[in-house]
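Written below as structure tokens is the structure these notes are about.
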Amino acid sequence: METDTATIRVARYRPEKSEKPYFQEYKVPYRKDTVVLDALNQVKAEQDGTLAYRWSCRMGVCGSCGANVNGVPKLTCATFLHEFKGKSLTIEPLANFPVIKDLVVNIDDFMEKLLKVKPWIIRDKQSPPEEGEYKQSGKELDRYAQFSSCINCLLCYAACPIYGLNEDFLGPAATALAYRYIADSRDQGKKARFPIVHDLEGVWECTLIGECSVVCPKGVDPMLAIQKTKILGAMEAPKTMLSPETLKAILPRGGE
Ligand code: FES
């Protein structure tokens, strides 16, 4: 296969050496099937072992290799070098996160938010295994299926201008995962999740810019999850304001 050479410009931050971040250029060989992660691996193996970045699966599954490539959040294992032929190529850490070293960012904030939304099935009462699984129809599965494709790569947070301005914003992926469980017919955890997603820093902070959905490498639409969660919240609100008698009279299932 034909080999070419690209110059990549990589953001470096090595707090033990220098307080300020800087850029370093490397020349890397590439072919049609070379991805940005391959180029970083080539640099680390053969040119500069000090370069720090994350990766694991190399197949768009683990979500660990995100970086800003020419300013756009991308999975480096799924971004081909040949797409940038004749252009400059700058690789930076994901925006909106504190940088630990070079391309490695601190994701503690997201991990805390993820735990807060309880991304697992909650049941009021577990039925014993001998009673069998909790059944679900194809239609019920369709309500949340796309949101379960999230790989926690955090490209959506790097693209979200609201999160860039307010780090307390619950943000796209955590809300998409909250909605994934809220919309699951087997789940009964709505009461536990609603105060989190409808908190002051929850879904109502979103102003519908939609960059989260544009950059998602798995076709998840976090903006849609956020809007659906807003609608559910708006439908629930009257229940907290009206008496049980009124609700019984106006709601089809006796106030549910
Ligand atoms: S290395 Fe796992 S998603 Fe890129």
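The values are calculated or read from the model by the stated rules, or taken from the named source; none is laboratory data. Remember, it's a predicted structure, so these values are computed and weren't measured experimentally. Methodologically, a virtual Cβ is constructed for each residue, glycine included, from the backbone with ideal geometry; neighbour enumeration extends over all protein chains shown.
Structure summary
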{"item": "Scope the stretch 68-88; condition within 15 Å of the ligand (Cβ to nearest atom) and closer than 20 Å to Gly219 by Cβ; matching residues", "result": "Val69, Pro73, Lys74, Leu75, Thr76, Cys77, Ala78, Thr79, Phe80"}
{"item": "Some residue of the stretch 82-94 being within 16 Å of the chain's Cα centre (by Cα) and closer than 17 Å to Leu155 by Cα", "result": "yes"}
{"item": "Pick from the stretch 22-67, criterion closer than 25 Å to Cys216 by Cβ and among the aromatic types (Phe, Trp, Tyr), ranking: farthest from the ligand (Cβ to nearest atom)", "result": "Tyr53"}
{"item": "Count of residues meeting criterion [part of a loop (DSSP other than H, G, I, E, B) and either exposed (fewer than 12 other Cβ atoms within 10 Å of the Cβ) or on the phi > 0 side of the Ramachandran plot (or both)] in the stretch 25-49", "result": "3"}
{"item": "Among the residues listed as Tyr134, Tyr163, the single one being aromatic (Phe, Trp, Tyr), free of Cβ contacts under 8 Å to residues at least 60 places away in the same chain and assigned by TED's automatic domain parsing to the domain that holds Asp221", "result": "Tyr134"}
